[in-house]
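Only the coordinates and a few stated rules stand behind these numbers; no lab work does. Worth saying up front: this structure is predicted, and the values here are computed from it rather than measured. All Cβ positions, glycine included, derive from the backbone under ideal geometry; neighbour counts span all protein chains shown.
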Amino acid sequence: MIWIWMFPVLVMLGVAQTSDPLTNLDYIAGTLIFYQKEGNATYLRNTGHLASVVPTETTFEFFDARNNLTPEQRTYTWDLGNGEVIQGTEPFVQYSYPQSGNYTLRLKVGVNVTESGPQITGVYSRDVQVLDAIKEVKLKGASYYSVSENTTLTFHIDGSPPMRVCSRFYHNCGPDVTGGCTLTMLYETNLSLSHTFTSAGVHCLDISVRNDISNLQVSFSLDVRGNYNTQIFLIMFSAAVLVAAICFIVRRRYKRSQIAISSNATFLKNQDYHDQSMSLLDMSTVKRSDKESRLLQYGTHYF
């Protein structure tokens, strides 16, 4: 009796194992793969991040280990998540997202097992984040990039955050022997860099920016000038010293000319006039104008 009861069980198990696997919805299995083309280069984008505007191709790799299905038995309905729906019999679709943002791509795969039987379907979805590629890094301010010794430089980055920024300053734009840079995580499109220049002259600034779908490296040449207030102070101080020196020189020359004029007249002492001492003024070496002015002076005169 035991063998009689076991036989029907074995038959039933055999029927279950040999049943048509297409009756099971889990049979429709596969994966979504994203590609983007820029020029002659093709990039694999399987991290869920895509670049806007760039031509994109999404492929569904169908797992049919038994090779029981032909391509004509499959249908694909692609919902891109931006209002666009594409239907076809090919396991891939070509499109592009014109704007950055977050989208959910949905794919409905249908399999026609028989002409009269119902279609077996499977649905796949994938959340994608569309980012703008980094196209430009622009320094805000004067076009000649002249800065003072203590300054903050502001840049606008044309690209989608988050972005990783590596910046490096070096003097005379020579080879950078350090090889290091300052890392900044940027969650907006404006970048501010503060730096203290220790010397005037030409400085270079290298900036490397990267987000999840692109990267860009740029270099700026900066004309570093001394602090304006310090220069004004030095100019005013130098001018004051120069004026003081000129005044001192002019004053000394004026005093010397006065001494030279007063020394042209000579006083002589005469003892022959009634045994009295008398001072005589020798006017022989004095100019006429000086004689007249001196003779007109008040006081006791001796002739």
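Side notes on the structure shown:
- Note on ASP158, ASP79: ascending count of other Cβ atoms within 10 Å places them as ASP158, ASP79, the fewest first.
- The modelled label-to-label distance for the pair CYS247/THR121, using points 7 Å beyond Cα in the direction of Cβ, is 9.9 nm.
- Multiplying the residue separation of THR114 and ASP206 by 0.36 nm and subtracting their alpha-carbon distance yields 26.7 nm.
- Linear extension gain, LYS37 paired with HIS171, 0.36 nm per residue minus alpha-carbon span: 44.3 nm
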